[in-house]
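**Q** Below you will find the structure I want to go over with you.
Every read-out reported here was derived from the displayed coordinates using simple, explicitly stated rules and does not represent laboratory data. Nothing here was measured: the structure is a model prediction, and the numbers come from that model. Neighbour counts run over all protein chains shown; Cβ positions are idealised from the backbone, glycine included.
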Ligand code: NAD
């Protein structure tokens, strides 16, 4: 029988635990856990063709986020701001859920995952079939009026942008913007509170495809570990929280999550 061990620091250069032992161990943790949360970042969607932010091919390679994705950029240089989001919307229009999204939805169907907390705004978890998803950085399905705050379908913003005009709110004439959290903005309180409460009470926190570099979400895995949850990290590159994880899988999210879901399915609860 597997036992949880206390978090410990991993020394530099030490190899993380890798599959298939890691996969069996993660599956056992998920089968046993009564409240398991998955926390995802941009890395869960790269295999859908959507670039992440901080990798070599990421969105911030050669672009200063403060210039195109901040609240002050929206006010100071709306053309640059909208050009950046037009590119993201165009990429999303051609994107579909990948094996990682499907495996996470499959784990929920098996009763081995109970909540998804995502930093992503692409809606691919829901399209893959995940039913309970907390979007802590907002979403790209909706536009929000910077004037009156009303929410509109994103098409009302995307259409005018394609024809080279500024997107305006039909109700008040204010500028429409994507309903995502921009740099310099706070996270939506209800979503963040639910995410923090879940991470503070879960038995297993499975972090997938996040550099864990952006706070406050990057603080959630440490909170979970402090409260006794088993922390599992699946990421192509090292993260600052690897030393606190019970299991680290350094692999592509699609392959790793598929193996984990298959292992859980082979011996469900
Ligand atoms: P990130 O780009 O910082 O990290 C992605 C991680 O996933 C990397 O460590 C990378 O190695 C890994 N990865 C990439 N592809 C992978 C794959 N196929 N399998 C496994 N691992 C893979 O993204 P993040 O952690 O999500 O943090 C950035 C967050 O900052 C975003 O979620 C974004 O919402 C947020 N943010 C964005 C804005 C904005 O765009 N306006 C503003 C504020 C915050």
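**Q** Fewest to most neighbouring Cβ within 10 Å: what's the order for 32, 162? It would help to have the intermediate numbers written out before the result.
**A** On the way: 32 16, 162 11.
By the 10 Å Cβ count, ascending, the order reads 162, 32.
**Q** Tally the DSSP beta bridges in the chain and give the antiparallel ones as a percent, rounded to 5. Each step should come with its number before you reach the end.
**A** Numbers: 8 of 29 bridges.
Bridges in the chain that DSSP calls antiparallel: roughly 30 percent.
**Q** Quick one: grab the alpha carbon gyration tensor of the stretch 227-266, order the square roots of its eigenvalues as a ≥ b ≥ c, and give me rounded if a/c is under 1.5, else prolate or oblate depending on whether a/b is larger than b/c. Could the numbers behind the result be given before it?
**A** Working: a/c = 3.70, a/b = 1.35, b/c = 2.74.
Verdict is oblate for the stretch 227-266.
**Q** Further question: What is the gain in length, in nm to one decimal, between residue 76 and residue 197 on full extension, counting 0.36 nm per residue of separation less the C-alpha to C-alpha distance?
**A** On the way: separation 121, 0.36 × 121 = 43.56 nm, distance 3.61 nm.
Fully extending the segment from residue 76 to residue 197 adds 39.9 nm.
**Q** Relative to the longest principal axis of the chain, what angle (0 to 90°, nearest 10) does the C-alpha long axis of helix 21-32 take?
**A** Between the helix axis and the principal axis of the chain, the angle is about 80 degrees.
**Q** Related question: Would you please give the FRET efficiency between residue 155 and residue 66, computed as 1/(1 + (r/R0)^6) with r the Cβ-Cβ distance and R0 = 35 Å, to the nearest 0.05?
**A** Here the calculated transfer efficiency is 0.80.
**Q** Taking 37 °C and 0.692 mPa s as the conditions, I'd like the Stokes-Einstein D for the chain in µm²/s, using the Kirkwood hydrodynamic radius from alpha carbon pairs.
**A** Working: Rh = 19.2 Å.
Diffusion coefficient, whole number: 171 µm²/s.
**Q** Here's a follow-up. At 7 Å along the Cα-to-beta-carbon direction for both residue 162 and residue 34, put a label point, then send me their distance in nm to one decimal.
**A** 5.1 nm
**Q** Could you work out the relative contact order of the stretch 126-266, using alpha carbon pairs under 8 angstrom and six or more residues apart, expressed as a whole percent?
**A** Values: 198 pairs, mean separation 22.8, N = 141.
Result for the stretch 126-266 is 16 percent.
**Q** Compute the acute angle (0 to 90°) between the alpha-carbon long axis of helix 78-93 and the principal axis of greatest extent of the alpha-carbon atoms of the chain; round to the nearest 10°.
**A** Between the helix axis and the principal axis of the chain, the angle is about 50 degrees.
**Q** What is the distance in Å between the Cα centres of the stretch 237-269 and the stretch 96-112?
**A** 13 Å
**Q** Follow-up. If I model a spin label at residue 55 and residue 127 as a point 7 Å from the Cα along the Cα→Cβ vector, what separation in nanometres do I get?
**A** 1.8 nm
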